[in-house]
Structure formats: structure tokens, C-alpha cells
Amino acid sequence: MIHSDFFESAIAIALIHGARLSAGAASKVLSSAPVKELANAEDFIDWWATNFASKVVLTVDHIRSAEDSVRRNVEAGISVVPISSSSYPPYLRLIEDAPPAIFIKGNLELLARPAGVSVVGTRKASRAGIAIADRIACHFAERKWTIVSGLAMGIDAAAHRGALRANGATVAVLAHGLEHASPKANALLGEEILATGGAWVSEHPIGVSARPEFFVLRNRIQIGLSAGSIIVEGEERSGTMTQAEFCLRNKRHLFAVLPERADSLRLVSKGPLILINKRGATPLRSRDDYDSAAKAMEERRAALAAL
């Protein structure tokens, strides 16, 4: 890890956990600060005192603690990538409230590939929904799309398994530090993702446990790593619907699975129905729609790459 990335990652952690800034605010500070011209924590605090001290408290001790956090992550085999680094995923940098630093366990090069496709849905998935998520992920993985999901029970786990079944690439975005994968029921699946060239991603350093709000916020990272999102199943009020909102706000393509015989399949389809009827999601009625979805996302991917 080069020194500039180490120091900027430490500043990112200090801004979040010390100064208590939001991710977006911390990223803006990093973008405006002449971090590469500042040799150490004292220099940064001098710059901070001139620009922000009257508004937010940040101390040398905050930065020292953050430097220790970066070291612990690196020693645990976790890459820490600040938003200014060339290794930071370019599509993620474009979203609202982009994380000032991300933590990656596994295949770092996977994050340099073109934006993938996020395949997500309810934890309380139906048997048919799980089969559909697996099939969609397998279809896209066979065509070299990276499958992005959250390793949750239900649809997320099925999406990861579909990618693995196709010997494809998959990224699990987690809502906590990367010491281990959660939930425990999917720990072996998480390890299989790493063993087959995939990756875990988080905005949290090791030592940070999952909290309810973190699961909502991690959805924006899934969007940031994707050219579009496919909602397989979901309730009217759920984290899946939040994923859809992040998708629309960040100008990614939104698709929702709604077969003609959704009722007979007993799909959890209330969320997808709302997204199609009220939020402009493109319906996926059958596997015949997959290629047109891929074409639309390829166009969006190209547009994002040009920004």
C-alpha cells in the first residue's frame, strides 16, 4: 500500500469515525484537501483548523487511531482504497454519498472491471424466486458480467450461487467490517466467493459491527458497483425498495422481475409491481428479456465510463 493511499485512507476513517461526517461530506473534504502535500497528521490538522475547525472537531488522536485501523485491516489481508486512488471503482465514485474509502477482501482487480449488475431481493424469498435469481445471475455471469449482491439470505444468496455456478465473478457488499462474512448461515458461501476469485466490499473497517442503518446504506454501494439493478422479489416496504430508490437517484437502470404467472408461482411480487407501475422499472417477464436488459446496461455502462 503506497504511503499516499495509506494516509488518505486514515484521513477518511478519521473524518467518519472521529469528526462524525457523513460519507459524502468526508469524500468532499478529501477532494478539497491537499492531502498529498501534507506530510503527517499534524499538517492535516493545521489545514483543518484553517478550513473547518469552527464547525467540526478533528484531532491528531483521531488520525492516529485511524492510521492504526488502516494497519489492522492491511495486516488482516484487507485492501483499503481511498476515493482519490486509481484503484477506487470509477462507477462508485460517481454516486451520491460515495464512501471516502472502501475496504476490499479478495480479488481487488475485480473492482477495476466494467460495472456489473446488482441482483437483489427479499430475504423471505419464495422457492420460485430463488430459482429465478439463480438463473438470472448465472445468465449474466456466463456473459462476463460481475454479479453484485449483499450475501443476505434469500435472493442475495441465490444470486451469488448463480454466479458461482457459471464460474463467474461475484462481489458481496457487506454492512460491517470484513473480519468475517455474515449472516453466519452464509459464511461458507462468503468463503467460496473469495476462494473462486470474488471479493467482499465494505465501507467499514474491521471492528465495526453491523447496525440496521448500515444495511440500508450499503445498498448505494451495490448500485455504485453496477450499471443496473434487478429486483427479483420484494415487499412493499423493505430494503429492496431502498435499493431501487438508490438505483433511480444515481441514474442506473432498474429492472423488476414480474412473470405473467407471478401469482401461480407465489412470488413476493408486491414490490416489483410497484416499481414497474409507479417508478418506471423495466419488467423482466421471462428469460427472453435478459438480453435486452444487458444491452440497456451496456449502454449505461458506456455512458458512465465517459463521465
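The values are calculated or read from the model by the stated rules, or taken from the named source; none is laboratory data. Being a predicted model, the structure only gives us computed values, none of them experimental. Counting neighbours? That spans all protein chains shown, and the Cβs are built from the backbone with ideal geometry, glycine included. What goes into the accessible areas is simple: the full protein's heavy atoms, side chains included, and nothing from ligands, DNA or RNA. Shrake-Rupley method; radii C 1.70, N 1.55, O 1.52, S 1.80 Å.
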(request) Evaluate the range 220-236: report whether one residue or more is more than 23 Å from residue 142 (Cβ to Cβ), surrounded by fewer than 23 Cβ atoms within 10 Å (Cβ to Cβ) and modelled with pLDDT under 95. (result) yes
(request) Sort out which residues of the range 275-307 are aliphatic (A, V, I, L, M) and open to solvent by less than 40 Å² (accessible area, probe 1.4 Å), and write them in order of number. (result) 275, 276, 281, 284, 293, 294, 296, 297, 304
(message) Residues to consider are 56, 74, 80; find the one that is more than 26 Å from residue 229 (Cβ to Cβ) and touching a Leu at 6+ places or on another chain (Cβ under 9 Å).
(response) 56
(message) Restricting to the range 183-212, count the residues that are among the hydrophobic types (A, V, I, L, M, F, W, C), touching a residue at least 12 places away in the same chain (Cβ under 8 Å) and not in a loop (DSSP other than H, G, I, E, B).
(response) 7
(request) Please go through the range 237-266 and pick out each residue that is under 15 Å from residue 152 (Cβ atoms), in a helix (DSSP H, G or I) and open to solvent by 10 Å² or more (accessible area, probe 1.4 Å). (result) 239, 240, 241, 242
(request) Scan the range 237-259 and report the pairs whose first residue is at pLDDT 95 or above and whose second residue is among the hydroxyl-bearing types (Ser, Thr, Tyr) and open to solvent by 30 Å² or more (accessible area, probe 1.4 Å), with Cβ atoms within less than 6 Å and a gap of 6+ or a chain change. (result) 255/282
(message) If the requirement is being at pLDDT 95 or above and of a type in the set (Val, Ile, Thr), which of these qualifies: 57, 29, 35, 80?
(response) 80
(message) Pairs needed: first member in the range 144-155, farther than 17 Å from residue 221 by Cα and in contact (Cβ under 8 Å) with a residue 40 or more places away in the chain; second member anywhere, part of a loop (DSSP other than H, G, I, E, B) and of a type in the set (Asp, Glu); C-beta distance under 8 Å; at least 6 residues apart or different chains.
(response) 154/233; 155/233
(message) Within the range 167-181, take every residue that is in a loop (DSSP other than H, G, I, E, B) and either open to solvent by 20 Å² or more (accessible area, probe 1.4 Å) or touching a Lys or Arg at 6+ places or on another chain (Cβ under 6 Å) (or both) and give me the one that is farthest from residue 219 (Cα to Cα).
(response) 167
(message) Need the failing condition index for residue 216 against (1) open to solvent by 10 Å² or more (accessible area, probe 1.4 Å); (2) of a type in the set (Val, Ile, Thr); (3) over 21 Å from residue 89 (Cα atoms), just the number.
(response) (3)
(request) Would you check which residues across the range 121-137 are hydrophobic (A, V, I, L, M, F, W, C) and open to solvent by less than 10 Å² (accessible area, probe 1.4 Å) and list them? (result) 133, 136, 137
